[in-house]
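Note sheet for the following structure.
Bear in mind these aren't lab numbers, they're just calculated from the coordinates by the rules spelled out. Quick caveat: nothing in here was measured; it's all calculated off a predicted structure. Positions of Cβ are generated from backbone atoms using ideal geometry, with glycine treated the same way; all protein chains shown enter the neighbour counts.
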Amino acid sequence: MDFPYEKQFKTYLLHQRFLAENTMNDICQDVARLFKHLRGFNLSYRTNPSLSNIEEADILDYLNMLQVKREIKNSTYNKVLTHLNIYFEFIFTRRLSQTLPTAGIKGLKKEPDELLPLTWAANLEPLLADDSISFYTRMTLLCLAHFYTITEIIQKDFYQVLAKEDFTIAEQNFLTNYRTQMEHLQNLQDCHDLFLKQRINLADPRLTLPALHKYFKKDQPKIALPLKPQKLYQANLFHYLLNHQTLPDKDLCARLRLTPASLNYYRFELAKQKLD
């Protein structure tokens, strides 16, 4: 058992709170991590492992550790606090503990969204020419600049789709260098896709999205632009919508490869953010 009354708590979440199993597991993992911390680092709890012995200061100490050592965001802090509060309310209302240590702890303010320049794609040329940035990061930026999502970019045979695009001279020069750089690895992997693993794996040669993000993380200090593909895609799309407001919806959908419903969604998001 990872924490006290685990079995009863899971039954409560599933059959009284009617939570999905994935949500229940997420909550229980956060509770289990707290008790692992208490058993390992809280002398008072180790000496007397009673639920009534857990105080607000103990929970705050744990949350502070997550902020300092794990560098969690405010949103993660609030999620963990919510999960712990659900557990301790369950314990307290069933009189399994005389204290409710999370009652006085407040959540943190939501961090402001990081603003991205809507014109980033128009200033892509110097980034494509910068050999200190990995080819994978530069290729991702090029694809995002042409309104492809990160999910599309890593799909099998996407290189065939990209080949139909019109590119500037600077973009064509980068693509020529990219193909030259990748040719040997593509031959070894027997695969012509754009993002390949460095280790030979003929059965599964394509790079996963988490692995691609490792390249972004390594390159981030070299680029002032936040390497967040979804936000970059959206900022570029917003910029196009703002500068082509007189285009018929049919033409916008064709250029941006959006359904009418998706086009309306992005228009709504653009209006919410009051961008101009």
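With charges set only on the Cβ (+1 for Lys and Arg, -1 for Asp and Glu), what does the dipole of the chain come to about its Cα centre, in debye to the nearest 20? Could you put the intermediate results ahead of the total?
Working: 35 positive and 31 negative charges, 169 e Å.
For this selection, approximately 820 debye.
Computed extension length for LYS73-SER132: 18.3 nm, one decimal, from 0.36 nm per residue of separation with the Cα-Cα distance subtracted. Listed options for Cα extents along the principal axes in Å are [x] 63, 52, 40; [y] 71, 48, 35; [z] 56, 52, 34. The value calculated from this structure is the one marked [y]. Under Stokes-Einstein, with the Kirkwood radius over Cα pairs as Rh, the value for segment 1-128 at 37 °C and 0.692 mPa s is 198 µm²/s. In whole Å, how far is the Cα centre of segment 242-276 from that of segment 52-71? If we compute the Cα centre of each part, the gap is 45 Å. Direction-averaged projected area, Cα convex hull, segment 176-264: 8.4 nm², rounded to one decimal. Within segment 1-61, the GluC sites (Glu not before Pro) that combine a DSSP coil assignment with at most 15 other C-beta atoms in a 10 angstrom radius are GLU55.
How would you rank THR140, THR151, going from fewest to most other Cβ atoms within 10 Å of each one's own Cβ? Write down the numbers at each step before the final one.
Working: THR140 25, THR151 11.
With the sparsest Cβ surroundings first, the list reads THR151, THR140.
How would you rank MET65, MET182, going from fewest to most other Cβ atoms within 10 Å of each one's own Cβ?
Values: MET65 13, MET182 20.
Fewest-to-most Cβ neighbours within 10 Å comes out as MET65, MET182.
Of the trypsin sites (Lys or Arg not before Pro) found in segment 133-225, those in coil by DSSP whose Cβ has at most 12 other Cβ atoms within 10 Å are LYS156, LYS164, ARG199. For the residue pairs LYS214/LYS272; LYS73/LYS156; LYS73/LYS222, the alpha carbons lie more than 28 Å apart in LYS214/LYS272; LYS73/LYS156. Qualifying chymotrypsin sites (Phe, Trp or Tyr not before Pro) in segment 93-171, where qualification requires a DSSP coil assignment and no more than 16 other C-beta atoms within 10 Å, comprise PHE167. The angle between the Cα long axis of helix 169-189 and the longest principal axis of the Cα atoms of the chain comes to about 70 degrees, rounded to the nearest 10.
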